[in-house]
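S.K.: Got a structure for you, written out below as structure tokens; questions coming shortly.
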């Protein structure tokens, strides 16, 4: 218990600290944070108790379950929802992603609560550098999966009927998925029960806001006739979020750049939605195409082959856009905003070098806006896919049906 109480005077763990010691940092004196720290101390032994039941099967199961809540996994899964279910669901899931992870990261950097101490609890990976409350894995897992369920079985039940899976069965699949992710964060030693409960609250709030309010806001911007009163409003909102995003005085963490990533994902998808609305993609003449002996005709005759081709080609486009947009951003940054490598006040996270004799410093703010730009391009490429699917003759009804 004495080791746990020491967390009241310590912050993020560093592998360079001797004998498992922690770097001290200033705590805010708010009553909320004081209460949360006391609860944190009380809950660390709960993690130790959970891990007393460890075995090889549970180690493997919860390792895999945790991957299902990773942001990278959802970013890879979002294209499949967009290209195989409905274009608009990809846009709205990106909004939920921004709310759950972006909102969670703001709370992390506001309260700066520590994660379970690695010298007391076991972790399946290296100690993570961001703060604890809330668990963004839990928030994104519950938020995205349950909004997918609501969208396909409640808002547009015709989509759910096409799955040939009952709503009750899908509910238990989604519940099993998300609860497995939530318990994996406890079992793997990355969060306390308080953290995952906070993540669940963030998820419920995000799903509720998107279902009953924000989806109409997104649809309205998508249908706007002018770019100024459509996506430009959203660009201004997200830029303000990044400018005023709290940053802990303990040094940079991955939370701030990650917020830029999810904001970019939602921004690019909304710009693409607006573009698709203003310039609808025409439909291919499927009957005439099937009468030909072309490769496209053979692909369309096999639904599995058709969807596989769409996903494979789409991911290739997305990968290329991700690589070149990142290179373009830092090339422009190197030209326009020369970093002062002698500035001792800057705290670089990464360095990107185009000139072997010169490196530029990437501050947390620059990294956040670089991810905003890169993932705006990535999500734009995902949602604009019906345009190049049409020209490649691999279009489906998913690309032409509109739910707004």
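The values are calculated or read from the model by the stated rules, or taken from the named source; none is laboratory data. Predicted model only: the values in this text are computed from it and were never measured. As a convention, Cβ positions derive from the backbone with ideal geometry for all residues, glycine included, and neighbour counts pool all protein chains shown.
S.K.: If you scan the range 146-160, which residues turn out to be buried (at least 24 other Cβ atoms within 10 Å of the Cβ) and within 18 Å of the chain's Cα centre (by Cα)?
M.R.: Here is the first cut: in the range 146-160, the ones buried (at least 24 other Cβ atoms within 10 Å of the Cβ) are 147, 151.
Listed by number, the list holds a single entry, 147.
S.K.: Going through the range 203-226 one residue at a time, which ones are more than 21 Å from residue 154 (Cα to Cα) and either part of a loop (DSSP other than H, G, I, E, B) or modelled with pLDDT of 90 or more (or both)? Spell out the reasoning first.
M.R.: As a first pass, look at the range 203-226 and keep what is more than 21 Å from residue 154 (Cα to Cα): 221-226.
Of everything in the range 203-226, those that are more than 21 Å from residue 154 (Cα to Cα) and either part of a loop (DSSP other than H, G, I, E, B) or modelled with pLDDT of 90 or more (or both) turn out to be 224, 225, 226.
S.K.: Which condition does residue 277 not pass, out of (1) under 30 Å from residue 88 (Cβ atoms); (2) within 18 Å of the chain's Cα centre (by Cα); (3) at pLDDT below 85; (4) surrounded by 15 or more Cβ atoms within 10 Å (Cβ to Cβ), if it passes all the others?
M.R.: If we test residue 277 against (1) under 30 Å from residue 88 (Cβ atoms); (2) within 18 Å of the chain's Cα centre (by Cα); (3) at pLDDT below 85; (4) surrounded by 15 or more Cβ atoms within 10 Å (Cβ to Cβ), just (2) comes out false.
S.K.: If I go through the range 191-202 residue by residue, how many of them are touching a helix residue (DSSP H, G or I) at 6+ places or on another chain (Cβ under 6 Å) and farther than 26 Å from residue 154 by Cα?
M.R.: 5
S.K.: When you check residue 54 against the structure, is it outside any helix (DSSP H, G or I), out of contact with any helix residue (DSSP H, G or I) (no Cβ under 7 Å at 6 or more places or on another chain) and under 29 Å from residue 247 (Cβ atoms), yes or no?
M.R.: Criteria not met by residue 54.
S.K.: Shifting gears a bit: Being modelled with pLDDT under 75 and surrounded by 13 or more Cβ atoms within 10 Å (Cβ to Cβ) narrows it down to one of 371, 326, 359, so name that one.
M.R.: Details: 371 fails: modelled with pLDDT under 75; 326 fails: modelled with pLDDT under 75.
When all the criteria are applied, what remains is 359.
S.K.: Hey, any hits in the range 300-310 for a residue that's modelled with pLDDT under 75 and either over 23 Å from the mean Cα position of the chain (by Cα) or not in a helix (DSSP H, G or I) (or both)? Step through it out loud before you land on a result.
M.R.: Of the range 300-310, the ones modelled with pLDDT under 75 are 300.
Still in the list and also either over 23 Å from the mean Cα position of the chain (by Cα) or not in a helix (DSSP H, G or I) (or both): 300.
Within the range 300-310, one or more residues are modelled with pLDDT under 75 and either over 23 Å from the mean Cα position of the chain (by Cα) or not in a helix (DSSP H, G or I) (or both).
S.K.: It is to be established whether one or more residues within the range 243-260 are free of Cβ contacts under 8 Å to residues at least 40 places away in the same chain and either part of a helix (DSSP H, G or I) or under 19 Å from the mean Cα position of the chain (by Cα) (or both). Explain how you work it out, then say what you get.
M.R.: The first filter runs over the range 243-260 and keeps only residues free of Cβ contacts under 8 Å to residues at least 40 places away in the same chain, leaving 243-244.
Next cut, either part of a helix (DSSP H, G or I) or under 19 Å from the mean Cα position of the chain (by Cα) (or both) only: 243.
The answer is yes, given that some residue of the range 243-260 is free of Cβ contacts under 8 Å to residues at least 40 places away in the same chain and either part of a helix (DSSP H, G or I) or under 19 Å from the mean Cα position of the chain (by Cα) (or both).
S.K.: What number of residues in the range 109-127 are out of contact with any helix residue (DSSP H, G or I) (no Cβ under 7 Å at 6 or more places or on another chain) and within 30 Å of residue 91 (Cβ to Cβ)?
M.R.: Total satisfying the criteria: 1.
S.K.: Within the range 151-177, track down each residue that is touching a residue at least 40 places away in the same chain (Cβ under 8 Å) and not in a helix (DSSP H, G or I).
M.R.: 156
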